[in-house]
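All remarks here apply to the structure that follows.
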Amino acid sequence: MSVLDHWEDIFLSVRRHKLRAFLTAFGVFWGIFMVVLLLGIGTGLERGMLQIFKDDALNSVWVESGKTSVPFDGLLPGRPITLNIQDLDLLQSGIPGIENITPRIELKTKEPVTFERQSGSFPILAIAPGYHVVERTQLLSGRLMNELDTAEGRRIAVIGSRVAQLLFNEDEDPVGQRITIEGTNYLVVGVFTDVGGEGELRRIYIPYTAYLRSFNPNPEVTFMIFTVKDGYHSVDFESHVRTLLAKRHRFAPTDYAAVGIWNSLDEYLKFQALFGGIHLFVGIVGLGTLCAGLIGVTNVMFIAVKERTREIGIRKTIGATPPKILTMILSESLVLTIVSGYLGLLAGVSGVELIRVIGFEMEYFREPEVDIGVALWALTVLIIGGIVAGYIPAQQAARINIVEALRHE
């Protein structure tokens, strides 16, 4: 039999049972389509959720005040714990491995920030230079805050790009201009951008020492933030921080409500483990669906062999060898599996790509994509599955006795 005759024979066999072939192929198509689509969407969800970690340094630790939840040393629960600048010095001197430590003090004001005739209300944060490292601030023009600014309590400001747009003309350079905050002039030394979005681009940063001079010498610190040096693990710092603050503010070291601690690396690792489990679950579900389709292919091929028993006997009579019969049945199984699987793979990739092209993004969903490794894995499973699905029926066909086959009705 020539190659052309071989392919024509496969086509005629499929055409004789169109509905059965279609339903069998659809099972394989749907299995591949779902696993590719779900993994692509899972990637989009993972990128969206992990985007929140791109805004801050992964080795950063955030500490905020809370309320005690258990009695301690004769004090009742429900007592508020207020962090201050002295706590910042305590952590810096008491825990090795800390760097870029900074307070974050929010200036609560109802007066707008002004420049000449322009004005606007913006979040004003008093910080130290380390905050730029934690927030991964990206400089657009001028410079960021430095240690000399905080050491001398300079009245300078680093403003977000949105602040620059609202307070200054398009052709006007904000750097070198003076803005007024609560009646005090601050020199703009830099303009920044941030991946955190619109809210962070509306911020104005000033040195916390200038804040102490101008507004409040003993303010409540909203957050204390620091990064961990190389060679240290940020996960280990939580107990050290809580122990020091518990001793100073008189609360139980095991009272997690008294002081809130956000460990970026720890949370990042949790999210990674979560999405690793999701990918595994989706892969198992997709593989199960695909296996169900391949079992359907096997059953169809068994039925096809039974229906073609007499034909196979005739082929053997005129010289067809068992290997040729094996190849004939196996080829039909492979064609049915690979073609339907390839179409499913193509549909799944196209679906994910369509979502990406139309720009469908949400806060926790962005840039869905099918990894090339997933596509190669799917194709490998298809080929192996097609061989396995067709081999047992093909082997049965190759073993058919000629005399019994010719008697078959």
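The values are calculated or read from the model by the stated rules, or taken from the named source; none is laboratory data. It should be emphasised that the depicted structure is a prediction, and the values quoted were computed from it without experimental measurement. Glycine gets a Cβ as well: all are built from the backbone with ideal geometry, and neighbour counts include every protein chain shown.
Values as computed for the structure displayed
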| item | result |
| --- | --- |
| Residue among Ala157, Ala126 that alone is buried (at least 22 other Cβ atoms within 10 Å of the Cβ), of a type in the set (Gly, Ala, Ser) and touching a helix residue (DSSP H, G or I) at 6+ places or on another chain (Cβ under 7 Å) | Ala126 |
| Residues of the stretch 52-88 that turn out to be without any contact (Cβ under 8 Å) to a residue 24 or more places away in the chain and in contact with a strand residue (DSSP E or B) (Cβ under 9 Å, 6 or more places away or on another chain), as a count | 3 |
| Subset of the stretch 369-394 [free of Cβ contacts under 8 Å to residues at least 24 places away in the same chain and over 16 Å from Phe33 (Cα atoms)] | Ile384 |
| Conditions (1) farther than 15 Å from Val188 by Cβ; (2) touching a Gly at 6+ places or on another chain (Cβ under 6 Å); (3) not hydrophobic (A, V, I, L, M, F, W, C): number failed by Gly142 | (1) |
| Test result for Ala257, of a type in the set (A, V, I, L, M), out of contact with any Asp or Glu (no Cβ under 6 Å at 6 or more places or on another chain), surrounded by fewer than 17 Cβ atoms within 10 Å (Cβ to Cβ) and part of a helix (DSSP H, G or I) | no |
| Selected residue [over 28 Å from the mean Cα position of the chain (by Cα) and under 30 Å from Ser239 (Cα atoms)] from Leu50, Leu90 | Leu90 |
| Verdict on Arg104 being closer than 27 Å to Leu187 by Cβ, at pLDDT below 90 and not small (Gly, Ala, Ser) | no |
| Residue within the stretch 360-371 that is surrounded by fewer than 16 Cβ atoms within 10 Å (Cβ to Cβ), β-branched (Val, Ile, Thr) and modelled with pLDDT under 80 present | no |
| Qualifying positions in the stretch 186-223 - in a strand (DSSP E or B), at pLDDT below 95 and not β-branched (Val, Ile, Thr) | Phe223 |
| Matching residues, the stretch 220-245, being among the hydrophobic types (A, V, I, L, M, F, W, C) and surrounded by fewer than 20 Cβ atoms within 10 Å (Cβ to Cβ) | Val235, Leu244 |
| Flag if Gly286 is out of contact with any Phe, Trp or Tyr (no Cβ under 8 Å at 6 or more places or on another chain), within 30 Å of Leu345 (Cα to Cα) and not aromatic (Phe, Trp, Tyr) | yes |
| Criterion: surrounded by fewer than 22 Cβ atoms within 10 Å (Cβ to Cβ) and either more than 36 Å from the chain's Cα centre (by Cα) or within 30 Å of Gln86 (Cα to Cα) (or both) - qualifying residue of Pro207, Pro217 | Pro217 |
| Tabulated pairs, the stretch 186-197, first surrounded by fewer than 20 Cβ atoms within 10 Å (Cβ to Cβ), second in a strand (DSSP E or B) and not hydroxyl-bearing (Ser, Thr, Tyr), C-beta under 6 angstrom, 6+ apart or interchain | Leu187/Ile156; Leu187/Arg178; Thr193/Gln138; Thr193/Leu140 |
| Filter result (surrounded by fewer than 17 Cβ atoms within 10 Å (Cβ to Cβ) and of a type in the set (D, E, K, R)) within the stretch 40-70 | Lys54, Asp55, Glu64, Lys67 |
